[in-house]
Amino acid sequence: MSDDPAPRDASQRDRGNTPAPGPGWRITPADLNGDSRVDLFLLSATGLHVSALGRADGDFDYPLVGQWEAGWAIAPGDFDNDGRTDLFLYKSDTGVWVEAFSDGAGGFNIAASGTWDPGWTVATTDFNADGRADVLLSRADGTWVKATNTGIGTFTLVVGNWGTGWTVFERKPSDQR
């Protein structure tokens, strides 16, 4: 990995040697290519990732297999309002975040990245109904940040505190339509 904190794909289009997910894999249902079929984005604890594009027969094509650094949390959403599921990635130990737009073929292009404080839990939804996913960050001490997507790779932040004991529930991409 270079000095740039964003995950970089050492990816290849590969249909024959796709790794089988097992224990410790995060499986995220999504629509990565905008065809209204359920696709899957799979991420292992070691950073190995696989895009699985749903076919009409119910099976999957595996156009992309790649490797990122371990430790990224995934929060899916349509950040650019193009009908495809994009990814918001966050490393809780460093605070580094990456907004990655779907390329429509199972891969992702880094749209924006930055650093927030470490230690947040991340979820996505569309707070203002503008068609672009926004981000909610929360901590165990009750502090929360609503990061509203501006559409240009930045967020407008509102900070608050709702007290301790609350949990942020993750929404599936299909719930956001």
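The values are calculated or read from the model by the stated rules, or taken from the named source; none is laboratory data. Note that the structure is a prediction, hence the values are computed from the model and not measured. FYI the Cβ positions are ideal-geometry reconstructions off the backbone, even for glycines, and counts take in every protein chain you see. Areas reflect the complete protein model, heavy atoms only, side chains present, ligands, DNA and RNA absent. Shrake-Rupley method; radii C 1.70, N 1.55, O 1.52, S 1.80 Å.
Counting only heavy atoms of protein chains, what accessible area per residue, in Å², does the range 36-177 have with a probe of 1.4 Å?
Per-residue accessible area for the range 36-177 comes out at 46 Å².
Legend: residues VAL98, VAL158, VAL38, sorted from most to least accessible area (1.4 Å probe; ligands, DNA and RNA excluded), read VAL38, VAL158, VAL98. Applied to the range 84-92, the Karplus parametrisation 6.51 cos²θ - 1.76 cosθ + 1.60 on θ = phi - 60° returns per-residue 3J(HN,Hα) values of 10, 6, 9, 10, 10, 10, 9, 9, 4 Hz, with x for Gly and Pro. Computed over protein heavy atoms with a 1.4 Å probe, the carbon and sulfur contribution to the accessible area of the range 111-168 reaches 55%. Accessible surface of VAL159, taken over heavy atoms with a 1.4 Å probe and every protein chain present, rounds to 100 Å².
The phi-based Karplus calculation (6.51 cos²θ - 1.76 cosθ + 1.60; θ = phi - 60°) puts the 3J(HN,Hα) values of the range 54-63 at x, 10, 4, 7, x, 8, 10, 9, 10, x Hz, whole numbers, x for Gly and Pro.
Taking Lys and Arg as +1 and Asp and Glu as -1, the other residues whose beta-carbon sits under 14 Å from that of THR164 total 0.
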